[in-house]
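The values are calculated or read from the model by the stated rules, or taken from the named source; none is laboratory data. Quick caveat, the model's predicted, so the values are computed rather than measured. So basically every Cβ, Gly included, is an ideal-geometry build from the backbone, and we count neighbours across all protein chains shown.
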Amino acid sequence: MFDFFSFFNRIFGGSREDTRSAARDRLRLVLVSDRATVAPHLMESLRNELIEVISRYMEIDTRSMQMGLERHEGAMALAANIPVRSVHRSSAEMAAVSLAPPPAAPRQAQPEASETADAVSARPEAATARLESPRLAARRRTRRHKRRP
Amino acid sequence: MGKVVVITSGKGGVGKTTCTANLGAGLALGGHSVLLVDGDIGLRNLDLVMGLENRIVFDLVDVVERKCRTFRQALIKDKRFENLHLLPAAQSRDKDAVSPEQMQALCAELKQAFDFVLIDSPAGIEHGFRNAVAGADEAIVVTNPEVSAIRDADRIVGLLEAQEKSNPRLVINRYKQDMARRGQMLSIQDVKEILGIELLGIVPEDEGILSASNKGQPAVMDRASRAGEAYRQIVARLVDPSSPPAGMPASDSWMDRLRRVFTVSVGSSGAH
């Protein structure tokens, strides 16, 4: 639909701001944290289940583990900082067998390896596993580099 | 046996009472027996919007406290309709004069006698809200295309789901089509996507709503009112879920007529 009216409006009616998308984006963000904070058991049970899953693969320090929703520019992220004490040798072997990348995609695991390395180098006191989108991780990486040139 | 429908919103001033009055009047015009219950104890207003404020003798609290013989004694019959009654709220009492259990028992009794029992919920999420939803079979959430109203509506939807009042349906009130078109107001699609519940209807902004409440005469009784037309569509959907899905009632401002002249369709993407 080409709308002559809004076209004329834009030319003669002055340039009024598009506030609709601001409203939509702000609402989406605020509802993520509203829904998470309103349900008191949601974050608690998510935390417990995460610990359960991760503990199958590695020994983590659940007491100093931090987890929560964080706001990064235009998006909400579930950010978890989970110090790893050690990786179970047996589960590492099993994962290597069951998660072996198919020959067609041999480079799949590579970006994650560099991310872990980055996290370790940035925080020498503990190896850190981060749960966040690659986009946010990338953003965080660039920020971190800016902060520590 | 009839059903109990609660009209709620979280935020105040979005049009719950107006919506309750119009849906009640619309249902009664369609030949259904209807009882309107003002759930806003201490701040009653449904009587005023309906033009029945001068005839109140007993109220909801009197019924619950058995100060009148039966609930029928407290009902005000609206003489303009075949079968429309109002159970007013107490004005001089507090919201916790009634408990959710008492409301549940009362609603079970009321729906034996009427096709539709519409409860006008107070704003907020506290005691008054819990009372209003306690006996409800269905819920209608009223909101405006405005950030604070939608945030509160989302909270209400969460609370309704927690109380197992499943599938609340949405009425978007005071929608301004031309503002949405200019990108200055959330669109219907935006609100639907954000709240993620079934859309029951859209009521356009209409100055006639103010004159209707000035007179104590719901807009749905006025064939020429745009908001009234929207309420008639919502009533049809309440009665028959298979009636056409919610859409914007035809607009008739001179701006809209002008823009129809200037709008040519060259693609398939509509406004909504």
Original post:
Taking only pairs six or more apart or across chains, which ones have beta-carbon atoms under 7 Å, a first residue in the stretch A:20-34 that is more than 7 Å from chain B (Cβ to nearest Cβ) and over 15 Å from B:Pro145 (Cβ atoms), and a second residue that is among the hydrophobic types (A, V, I, L, M, F, W, C) and not in a helix (DSSP H, G or I)?
Top reply: A:Leu29/A:Met76; A:Val32/A:Leu69; A:Val32/A:Met76; A:Ser33/A:Leu69; A:Ser33/A:Met76
Original post:
Quick one: in the stretch B:7-22, which of the residues that are over 8 Å from the mean Cα position of the chain (by Cα) and not basic (Lys, Arg) is nearest to B:Asn144 (Cα to Cα)?
Top reply: B:Val14
**OP:** Working only within the stretch B:178-204, note down all residues that are buried (at least 17 other Cβ atoms within 10 Å of the Cβ) and more than 12 Å from chain A (Cβ to nearest Cβ).
**Re:** B:Ile197, B:Leu199, B:Leu200, B:Gly201, B:Ile202, B:Val203, B:Pro204
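Within the stretch B:32-46, restricting attention to residues that are of a type outside the set (A, V, I, L, M, F, W, C) and either free of Cβ contacts under 8 Å to residues at least 24 places away in the same chain or in contact with a Lys or Arg (Cβ under 8 Å, 6 or more places away or on another chain) (or both), which residue is surrounded by the fewest Cβ atoms within 10 Å (Cβ to Cβ)?
So, considering only residues that are of a type outside the set (A, V, I, L, M, F, W, C) and either free of Cβ contacts under 8 Å to residues at least 24 places away in the same chain or in contact with a Lys or Arg (Cβ under 8 Å, 6 or more places away or on another chain) (or both), the one surrounded by the fewest Cβ atoms within 10 Å (Cβ to Cβ) is B:Gly42.
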Original post:
Is there a residue being part of a helix (DSSP H, G or I), within 10 Å of chain A (Cβ to nearest Cβ) and at pLDDT below 95 anywhere in the stretch B:238-257?
Top reply: yes
Original post:
B:Gln184 passes all but one of (1) in contact with a strand residue (DSSP E or B) (Cβ under 7 Å, 6 or more places away or on another chain); (2) of a type outside the set (Asp, Glu); (3) without any contact (Cβ under 8 Å) to a residue 12 or more places away in the chain; which number fails?
Top reply: (1)
Subject >> Subset of the stretch B:39-64 that is among the acidic types (Asp, Glu) and out of contact with any Ser or Thr (no Cβ under 8 Å at 6 or more places or on another chain) - its residue that is farthest from B:Gly2 (Cα to Cα) >> reply: B:Glu53
**OP:** Could you tell me whether the stretch B:180-202 includes any residue that is closer than 23 Å to B:Arg130 by Cβ, among the acidic types (Asp, Glu) and not in a strand (DSSP E or B)?
**Re:** no
**OP:** Please determine, by comparing only the residues of the stretch B:146-156 that are crowded, with 22+ Cβ neighbours inside 10 Å and of a type in the set (Val, Ile, Thr), which one is nearest to the other protein chains (Cβ to nearest Cβ).
**Re:** B:Ile150
Original post:
In the stretch B:106-130, which residue that is part of a helix (DSSP H, G or I) and either aliphatic (A, V, I, L, M) or in contact with a strand residue (DSSP E or B) (Cβ under 9 Å, 6 or more places away or on another chain) (or both) is surrounded by the fewest Cβ atoms within 10 Å (Cβ to Cβ)?
Top reply: B:Ala108
**OP:** Please work out if B:Phe114 is more than 14 Å from chain A (Cβ to nearest Cβ), closer than 25 Å to B:Arg237 by Cα and in contact with a helix residue (DSSP H, G or I) (Cβ under 8 Å, 6 or more places away or on another chain).
**Re:** no
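Considering only residues that are more than 14 Å from chain A (Cβ to nearest Cβ) and surrounded by 22 or more Cβ atoms within 10 Å (Cβ to Cβ), which ones fall in the stretch B:131-145? Show your work before the answer.
Keep residues of the stretch B:131-145 that are more than 14 Å from chain A (Cβ to nearest Cβ), which gives B:131-142.
Hits for the stretch B:131-145 are B:Asn131, B:Ala132, B:Val133, B:Ala134, B:Gly135, B:Ala136, B:Ala139, B:Ile140, B:Val141, B:Val142.
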Original post:
among the β-branched types (Val, Ile, Thr) and surrounded by 23 or more Cβ atoms within 10 Å (Cβ to Cβ): does that describe B:Val57?
Top reply: no
Original post:
Does B:Val14 fit the bill of being at pLDDT 95 or above and assigned to a strand (DSSP E or B)?
Top reply: no
**OP:** Identify the single condition in (1) closer than 25 Å to B:Gly216 by Cα; (2) not in a helix (DSSP H, G or I) that B:Lys67 does not satisfy, given that it satisfies every other one.
**Re:** (1)
Original post:
Checking A:Ala39 against (1) within 26 Å of B:Ala153 (Cβ to Cβ); (2) modelled with pLDDT of 90 or more; (3) of a type in the set (A, V, I, L, M, F, W, C), which single condition isn't satisfied?
Top reply: (2)
**OP:** Could you list all residues from the stretch B:161-175 that are more than 10 Å from every other protein chain (Cβ to nearest Cβ) and modelled with pLDDT under 95?
**Re:** B:Glu161, B:Gln163, B:Glu164, B:Lys165, B:Ser166, B:Asn167
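Identify all residues within the stretch A:63-84 that are polar (S, T, N, Q) and loosely packed, with under 15 Cβ neighbours inside 10 Å; write none if there are none.
Across the stretch A:63-84, the qualifying residues are A:Ser64, A:Gln66.
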